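**Q** Have a look at the structure that comes next, please.
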Amino acid sequence: MTANHTTAESNNQNISVQTLTQFCDDYLSASVFKDYAPNGLQVDGGRPIQRIVTGVTACEALIDAAIADNADAIMVHHGYFWKGEPAPLTGMKGRRIRKLMQHGISMIGYHLPLDAHPITGNNARLADMLDMTITGALYPAESHPVGNIATCTPQSADSLIATITQALGRTPLHIAAEYNSSKDAENNRPIKRVGICTGGAQDMIEQAATMGCDAFISGEISERTTHIARELGIDYFACGHHATERGGIQALGEIVAQKFGLPVTFIDIDNPA
Ligand SMILES: [Zn+2]
């Protein structure tokens, strides 16, 4: 577990959880996204906010770290109440929420809005870290698309592997675009147009190929992704769900720290997946 303190000028300021959530809702245009979980305030801890902890996922380890840090709110990318999950507050789900409530800690989650934001979004942050420039959307016809197309200095797959390893602190799993021999010449082209969508977006690889990308970068990989990459002639880089989604919530925490002058600490609960 590592902690990154983004502490603005220390003072005794506090804000209401509604003020904090409204600011983030507006900043991320949260209401325009159709999502798999509610965005914004998910658990109201019932007290003013003086200290904030951010993290990728609102797991019990992050809650324990927030308690140890005397935080009043946790802000995450992966919150609770996902579509299709059992509703009762029992077992693991009940334990997490009980702990938050007992300690008066609010939990605020932003999923797709935090993937998509052009500055603090996970995709934007990842593109920045990889020295890439976002030039468009993977699904340009959608009104609020998630997933981007970026350009980079023309480079080999090996060079991109090195860049990703350096930026994220872990080596990506690379599937070379090699199967379709009629595309050999094309496949040996340097990578310069790249589809990016963090997390579990491996199935967007077909759209990236349709949009003429040389490569697609995401977090996870499925068995089928390998065949799709090879047969569509597009390099695939699985860089880790967690590893590709640390950027957005950290960036949002920095915006909040600046806006309200509150201490915000990013706590990374290590996750190899
Ligand atoms: Zn995710």
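**Q** Could you please give the count of residues in segment 1-31 that are modelled with pLDDT of 95 or more and over 27 Å from residue 60 (Cα atoms)? Steps first, answer last, please.
**A** Narrowing segment 1-31 to residues modelled with pLDDT of 95 or more: 15-31.
Cutting the leftovers down to over 27 Å from residue 60 (Cα atoms) gives us 26-27, 29, 31.
Result for segment 1-31: 4.
**Q** Follow-up. Give the residue that is nearest to residue 141 (Cα to Cα), with candidates limited to residues of segment 193-217 that are in a helix (DSSP H, G or I) and open to solvent by less than 10 Å² (accessible area, probe 1.4 Å).
**A** Kept after step one, since they are in a helix (DSSP H, G or I), are these residues of segment 193-217: 202-210.
This time we only want the ones that are open to solvent by less than 10 Å² (accessible area, probe 1.4 Å), so: 205, 208.
Details: 205: 17, 208: 14 Å.
This residue is 208.
**Q** Among the residues of segment 50-89, write down those that are farther than 16 Å from residue 105 by Cβ and open to solvent by less than 10 Å² (accessible area, probe 1.4 Å). Give the derivation first.
**A** Step one: filter segment 50-89 for residues farther than 16 Å from residue 105 by Cβ, giving 56, 77-78, 81-88.
Once the filter is applied, which keeps residues that are farther than 16 Å from residue 105 by Cβ and open to solvent by less than 10 Å² (accessible area, probe 1.4 Å), segment 50-89 yields 56, 77.
**Q** Name the residues in segment 104-117 that are more than 30 Å from residue 148 (Cα to Cα) and either open to solvent by 50 Å² or more (accessible area, probe 1.4 Å) or part of a helix (DSSP H, G or I) (or both), would you? Write out each step before concluding.
**A** To start, the set of residues in segment 104-117 that are more than 30 Å from residue 148 (Cα to Cα) comprises 104-106.
Those that are more than 30 Å from residue 148 (Cα to Cα) and either open to solvent by 50 Å² or more (accessible area, probe 1.4 Å) or part of a helix (DSSP H, G or I) (or both): none in segment 104-117.
**Q** Right, another one. So, in segment 36-83, exactly how many residues are within 16 Å of the ligand (Cβ to nearest atom), polar (S, T, N, Q) and out of contact with any Gly (no Cβ under 6 Å at 6 or more places or on another chain)?
**A** Result for segment 36-83: 2.
**Q** Among the residues of segment 233-268, what is the count of those that are within 14 Å of the ligand (Cβ to nearest atom) and not in a helix (DSSP H, G or I)?
**A** Residues flagged as within 14 Å of the ligand (Cβ to nearest atom) and not in a helix (DSSP H, G or I) within segment 233-268 amount to 5.
**Q** Kindly indicate which of 161, 228, 175 is modelled with pLDDT of 95 or more, aliphatic (A, V, I, L, M) and within 20 Å of the chain's Cα centre (by Cα).
**A** Working: 228 fails: within 20 Å of the chain's Cα centre (by Cα); 175 fails: within 20 Å of the chain's Cα centre (by Cα).
Going through 161, 228, 175 in turn, the sole match is 161.
**Q** Look at segment 14-33 and say how many of its residues are part of a loop (DSSP other than H, G, I, E, B) and away from the ligand (no atom under 16 Å from the Cβ).
**A** Restricting attention to segment 14-33, the residues satisfying the condition of being part of a loop (DSSP other than H, G, I, E, B) are 14, 16, 29, 33.
Retained after the next criterion (residues that are away from the ligand (no atom under 16 Å from the Cβ)): 14, 16, 29.
Residues that pass the stated criteria total 3.
**Q** Taking residue 101 as the residue in question, decide whether it is crowded, with 19+ Cβ neighbours inside 10 Å and either more than 16 Å from the ligand (Cβ to nearest atom) or assigned by TED's automatic domain parsing to the domain that holds residue 14 (or both).
**A** Values: crowded, with 19+ Cβ neighbours inside 10 Å: no; either more than 16 Å from the ligand (Cβ to nearest atom) or assigned by TED's automatic domain parsing to the domain that holds residue 14 (or both): yes.
It is false that residue 101 is crowded, with 19+ Cβ neighbours inside 10 Å and either more than 16 Å from the ligand (Cβ to nearest atom) or assigned by TED's automatic domain parsing to the domain that holds residue 14 (or both).
**Q** Residues in segment 61-77: is at least one under 20 Å from residue 121 (Cβ atoms) and not in a strand (DSSP E or B)? Lay out the reasoning, then the answer.
**A** At the first step, the residues of segment 61-77 found to be under 20 Å from residue 121 (Cβ atoms) are 74-77.
From what is left, the residues that are not in a strand (DSSP E or B) are none.
Checked segment 61-77: no residue is under 20 Å from residue 121 (Cβ atoms) and not in a strand (DSSP E or B).
**Q** From the list 220, 178, which one is outside any helix (DSSP H, G or I), surrounded by fewer than 22 Cβ atoms within 10 Å (Cβ to Cβ) and in contact with a Gly (Cβ under 6 Å, 6 or more places away or on another chain)?
**A** Numbers: 178 fails: in contact with a Gly (Cβ under 6 Å, 6 or more places away or on another chain).
So the residue among 220, 178 that is outside any helix (DSSP H, G or I), surrounded by fewer than 22 Cβ atoms within 10 Å (Cβ to Cβ) and in contact with a Gly (Cβ under 6 Å, 6 or more places away or on another chain) is 220.
**Q** Out of (1) away from the ligand (no atom under 16 Å from the Cβ); (2) in a helix (DSSP H, G or I); (3) modelled with pLDDT of 95 or more, the odd one out for residue 154 is which?
**A** (2)
The values are calculated or read from the model by the stated rules, or taken from the named source; none is laboratory data. Predicted model, so just to flag it, every value in this text is computed and none were measured. All Cβ positions, glycine included, derive from the backbone under ideal geometry; neighbour counts span all protein chains shown. Ligands, DNA and RNA are stripped out before the accessible areas are found, and what is left, the full protein with its side chains, is counted by its heavy atoms. Shrake-Rupley method; radii C 1.70, N 1.55, O 1.52, S 1.80 Å.
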